[in-house]
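All remarks here apply to the structure that follows.
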Amino acid sequence: VNGIALDEPYLAEKALGESNIEYPYQVPDARWFLMGDSRAVSIDSRNTSVGCVAQEQIVGKIVFRVWPLNTFGPVQ
């Protein structure tokens, strides 16, 4: 994110999901690149059928998690 690698120890290997974009990929200005949490099978911004989304397309914010149960509670 912004040139800084994320620490994602839960990923044992790369999972491109249903990707049909060419890498490396540049996210257009004023757009958001979204990825599903089940990355091996998610159809998300890595697929041109979804693509990057504009801010006005984002209609909510996650504030509470119910799964997995060991992290049940508010999202910070």
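The values are calculated or read from the model by the stated rules, or taken from the named source; none is laboratory data. Quick caveat, the model's predicted, so the values are computed rather than measured. Cβ sites come from the backbone with ideal geometry, for glycine too, and all protein chains shown count toward neighbours. Side chains are part of the model used for accessible areas, which takes the heavy atoms of the whole protein and leaves out ligands, DNA and RNA. Shrake-Rupley method; radii C 1.70, N 1.55, O 1.52, S 1.80 Å.
Quick look at the values:
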read-out	value
Cα point-scatterer Debye curve for the chain, base-10 log of I(q)/I(0) at q = 0.16, 0.27 Å⁻¹	-0.78, -1.36
Net +/- balance of residues flanking Arg39 in space, Cβ distance below 13 Å, scoring K and R +1, D and E -1	-3
Extension gain from Glu22 to Glu8, taking 0.36 nm per residue of separation minus the Cα-Cα distance	2.8 nm
Loop-resident sites, the chain, for trypsin sites (Lys or Arg not before Pro), counting at most 10 other Cβ within 10 Å (DSSP)	Lys14, Lys61
In Å², nearest 10: area of Val50 left accessible to a 1.4 Å probe	70 Å²
Test item: Cα-centred dipole of the chain, Lys/Arg +1 and Asp/Glu -1 on Cβ, debye	180 debye
Accessible heavy-atom area order of Trp32, Trp67, highest first, probe of 1.4 Å	Trp67, Trp32
Most positive-pole-ward Cα, Phe33, Leu69, Ile58, against dipole of the chain from beta carbon charges	Leu69
